[in-house]
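The numbers here are math on the coordinates, done by the rules we state, and not lab data. Only a predicted model underlies this, so the values are computations on that prediction, with no experimental measurement involved. Using ideal geometry, Cβ is built from the backbone for each residue, glycine included, and neighbour counts are taken over all protein chains shown.
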Amino acid sequence: MSIDTTRTRRARLDQEAVLRAAEALVDRDGYDALTMTSLAAELEARVSSLYNHVANLEDLRALIQVRAMRLLGEHVRSAAMGHAGTAGLRALSHALRAFARSHPQRYAALTRPPIDREAFYAAALDAIEALAVMVRSAGLPDDRLLQSAMALFASLHGFVSLEVAGYFGDLSGTSAEVLDLDRVYEQVIDGAVTAASVEATR
């Protein structure tokens, strides 16, 4: 007796399976390529069956953003353990870059304006709290924590977003001076951490 594998897959479809498939599609094709039709094709399911698990495309994209932010928070929190001050800021900086390089499309998604702002910022608590602890332990007063944390993130994001977008390309082969992106990033971190330290003395 043959088994209808498509029917079996549909029977096992739940929200987690839908979201994992959506993440796989985003990782492969990009956030903007995520549609209900493309996801249904990925799952070999009917589009109508997806609405049992997500309200609509906007809801799906919001969930992708929230899950990506939560995953980044887990990476950042893990990197922060056992560190403090400028050493902690460096650890967080490297964790941010590592996440973006491992999940470039999801990183791009989470740095878009959040669709579900309340859920997104709730998911961001791990990352925000880890960054706040490190900035505070570097000597920043509480009334300048948010400003300094956002300045630090903006500096790091500038480099990371360019890198994962392929902006730098193979610049190492176009110049007499070999471009070491790891050293460039260290320079970005140095500037961001130094700025935070200067702010602490004002």
Cα→Cβ-extended label distance, 7 Å offset, between Y167 and R112, nm:
1.9
The FRET efficiency for E16 and S137, from their Cβ-Cβ distance with R0 = 45 Å and rounded to 0.05, is 0.75
For region 67-137, shape from the Cα gyration tensor axes a ≥ b ≥ c, cut at a/c of 1.5 then a/b versus b/c, turns out oblate
Angle between the chain longest axis and helix 85-102 axis [Cα atoms, degrees, rounded to 10]
30
Need the full-extension length gain, L125 to A195, defined as separation in residues times 0.36 nm minus the C-alpha distance. One decimal, nm.
22.8 nm
